[in-house]
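**Student:** My questions will all concern the structure given below.
The values are calculated or read from the model by the stated rules, or taken from the named source; none is laboratory data. Fair warning: this is a prediction, and the values are worked out from it, not measured in the lab. Cβ coordinates were reconstructed from backbone atoms using ideal geometry, including for glycine residues, and neighbour counts include every protein chain displayed.
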Amino acid sequence: MTIDDIIHFVEGLDDVLTLRPVPGDGSPEISWGDTFFYYSPDGVVPTTTQPFATIVTKNYPGDEDSRLDRAGAFRVNIHAGREAFIVALGHAPREQGSADVDAGAPDTVIAHPVYGSAAWLAVVNPGPRTGELARELLCTAYTLARSRYERKADAVRRHI
């Protein structure tokens, strides 16, 4: 899977807002070249919600274990939720998985090196082993984001 394959797949889901920061758009320089996916029926970036998935193309401070400074390396980060996390990795997000996991291993689903305890999964350069699972996890993350959005919208409607 390429970055463009992933973007095309996620943008095929209803009401997805894709942000691709570039120089001059007001975004922080560290985010340039990365991609952020939100559930947003109104097309406005949510101010109180994190993206449900991201694609990062470089190391961030404190998040160097995936070694994204290698040529062509990128990582898909997916907020899959607790249940999908357990199915994918065999343990709960806050439990310690295998200590010998190589966060930079390509085509391998792992707990996100920084946000794994919050039920985020990650895949460096998804390929034949993880491509289908990555799509499934992206759909799960999308569904969870849509459900959170709808719950918040319902709560606002009840208070009006």
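**Student:** Please pick out the residue among GLU150, GLU132, GLU136, GLU95 that is over 24 Å from LEU19 (Cβ atoms) and part of a helix (DSSP H, G or I). Let's see the steps before the verdict.
**Tutor:** Details: GLU150 fails: over 24 Å from LEU19 (Cβ atoms); GLU136 fails: over 24 Å from LEU19 (Cβ atoms); GLU95 fails: part of a helix (DSSP H, G or I).
The conditions single out GLU132.
**Student:** Considering (1) surrounded by 19 or more Cβ atoms within 10 Å (Cβ to Cβ); (2) part of a loop (DSSP other than H, G, I, E, B), say which one ASP69 fails and leave the rest.
**Tutor:** Status for ASP69: all satisfied but (1).
**Student:** Tell me whether the stretch 77-85 contains one or more residues that are free of Cβ contacts under 8 Å to residues at least 24 places away in the same chain, in contact with a strand residue (DSSP E or B) (Cβ under 7 Å, 6 or more places away or on another chain), surrounded by 14 or more Cβ atoms within 10 Å (Cβ to Cβ) and outside any loop (DSSP other than H, G, I, E, B).
**Tutor:** Within the stretch 77-85, the subset free of Cβ contacts under 8 Å to residues at least 24 places away in the same chain is 83.
Retained after the next criterion (residues that are in contact with a strand residue (DSSP E or B) (Cβ under 7 Å, 6 or more places away or on another chain)): none.
So far as the stretch 77-85 goes, no, none of its residues is free of Cβ contacts under 8 Å to residues at least 24 places away in the same chain, in contact with a strand residue (DSSP E or B) (Cβ under 7 Å, 6 or more places away or on another chain), surrounded by 14 or more Cβ atoms within 10 Å (Cβ to Cβ) and outside any loop (DSSP other than H, G, I, E, B).
**Student:** Against the definition (out of contact with any Pro (no Cβ under 6 Å at 6 or more places or on another chain) and either free of Cβ contacts under 8 Å to residues at least 12 places away in the same chain or surrounded by 15 or more Cβ atoms within 10 Å (Cβ to Cβ) (or both)), how does PRO128 come out, yes or no?
**Tutor:** Values: out of contact with any Pro (no Cβ under 6 Å at 6 or more places or on another chain): yes; either free of Cβ contacts under 8 Å to residues at least 12 places away in the same chain or surrounded by 15 or more Cβ atoms within 10 Å (Cβ to Cβ) (or both): no.
Judged against the criteria, PRO128 is not a match.
**Student:** Now for a separate question. Find all pairs meeting these conditions: Cβ atoms under 7 angstrom apart; at least six residues apart or on different chains; first residue within the stretch 107-122 and over 16 Å from ILE6 (Cα atoms); second residue modelled with pLDDT of 95 or more and in a helix (DSSP H, G or I).
**Tutor:** Short answer, once both residue conditions are applied: ALA111/LEU89; ALA119/ARG82; ALA119/PHE85.
**Student:** Among the numbered conditions (1) more than 17 Å from LEU68 (Cα to Cα); (2) touching a helix residue (DSSP H, G or I) at 6+ places or on another chain (Cβ under 6 Å); (3) assigned to a loop (DSSP other than H, G, I, E, B), tell me where PHE37 comes up short.
**Tutor:** So the condition that PHE37 fails would be (3).
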